[in-house]
Structures are given as C-alpha cells and as structure tokens.
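Peer 1: Structure incoming, see below.
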Amino acid sequence: MKNQKGFSLIELLIVVVIIGIIAAIAIPNLLAARRSANEGSAVSSLRTLHGAQATYQATSGAGNYAGTGGGTVDTVGLVNLHNAGLIDAVLGATPSMKSGYSFTGNTFFFSTASPPNPATFAFLAIPSSETGLTATGTRRFAIATDGVIGFQTLSGSAVGDMALGGSAAAGASYAGTNVQTLNN
C-alpha cells in the first residue's frame, strides 16, 4: 500500500462535530450580546429624547413639550424634536426605528389639554421582535418627565401592557405587568 497523505473520513467528522459543539455554545452568547447592545442603545436613545424634550420646552416650545394630536401613540413629538435640530433623523423619522427598537411618544403626556398642560411627557421603546432567534430585545422601556426609565421584562404571554399613569400634579408612574425601574 502506498503512503497516503490526508485525513480520513472519521477524522473529518470529529473536526466537524467539535466545530458544531463550539458553535452551539457561542451562538446563543452572541445573540444575547446583540440583544443586550440593542437594549443599551434603546436606553441611551430614551435619555437623548428626554434631554431633547427639556431643551425643546425651554427654547422653541415656549414652555410646552413637543408633540400634539389625539390618540394614544404619537410620532409628531419626535418629528418636532428633529425639526428643531434636537435629535437625529433616525429618531425623528416616522416610524422611528433604531437598533431593533421602535420609539413613540405617548400623547396623553404631551401638552394636549386645554389649557395646555406641559407638565408631563413619555417616550416608549419597544423591540421590533421579542421572541426567538430574531429577538432584538427582551425588555420594553419607557421614560417620563422625571427621567426615570422603567422597563417591562417580556416573558411568554406578557404583551404590551406597559403604560404610564398618574397625573401631572402627582407625577407619572409606571403601570402594567412586571414593570420595574432601571437602576442606573
């Protein structure tokens, strides 16, 4: 028999199995790191929106926050903040989507009362995909006038009941299933 060089089929299969095991360990960690980065970006964007609202109220808003209109969710506030040069075109777009999260303003907290009540506002960040391998985040976030970021951990059937309640005088508070405040 001649001196043959190369790998046998068994050796190649062992290498493929080892690579598969390493991939099975690494891929979930990679996906978790991506979700964590998306959530960090959402929190940072909410803080940017909060600062932009305060600036808008003090400058071009004449004492009122950006955002008007009826309904429960409003993007007019985001557009107004962008038009005033306070946020970038990504956050000011309609719809506003950044790092796998969509951003909206809650019109109940914008100055829509008569006379206008500029005392409260809120922004919500909701992941575009919440389950499976394509999940862009596992938590929803919200920020209100006081600057406290609240979050709702999404698990199983807990779907979209995160809301802000309270009044301008009492201060906004978070309500819904499993809603907590962020500690940083």
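Peer 1: Test Glu11 against the stated conditions and say whether it is within 12 Å of Ala125 (Cα to Cα) and either basic (Lys, Arg) or modelled with pLDDT of 85 or more (or both).
Peer 2: When the stated conditions are applied, Glu11 does not pass them.
Peer 1: Pick from segment 16-52 the residues that are in contact with a helix residue (DSSP H, G or I) (Cβ under 8 Å, 6 or more places away or on another chain) and without any contact (Cβ under 8 Å) to a residue 60 or more places away in the chain: which of them is surrounded by the most Cβ atoms within 10 Å (Cβ to Cβ)?
Peer 2: Here the residue is Ala52.
Peer 1: With the condition kept exactly as written, say whether any residue in segment 139-160 is part of a loop (DSSP other than H, G, I, E, B), over 20 Å from Ala54 (Cα atoms), modelled with pLDDT under 80 and of a type in the set (D, E, K, R).
Peer 2: Within segment 139-160, none of the residues are part of a loop (DSSP other than H, G, I, E, B), over 20 Å from Ala54 (Cα atoms), modelled with pLDDT under 80 and of a type in the set (D, E, K, R).
The values are calculated or read from the model by the stated rules, or taken from the named source; none is laboratory data. What you see is a predicted model, and the numbers here were worked out from it, not measured in a lab. For neighbour counting, all protein chains shown are included, and Cβ atoms are generated from backbone atoms with ideal geometry for every residue, glycine included.
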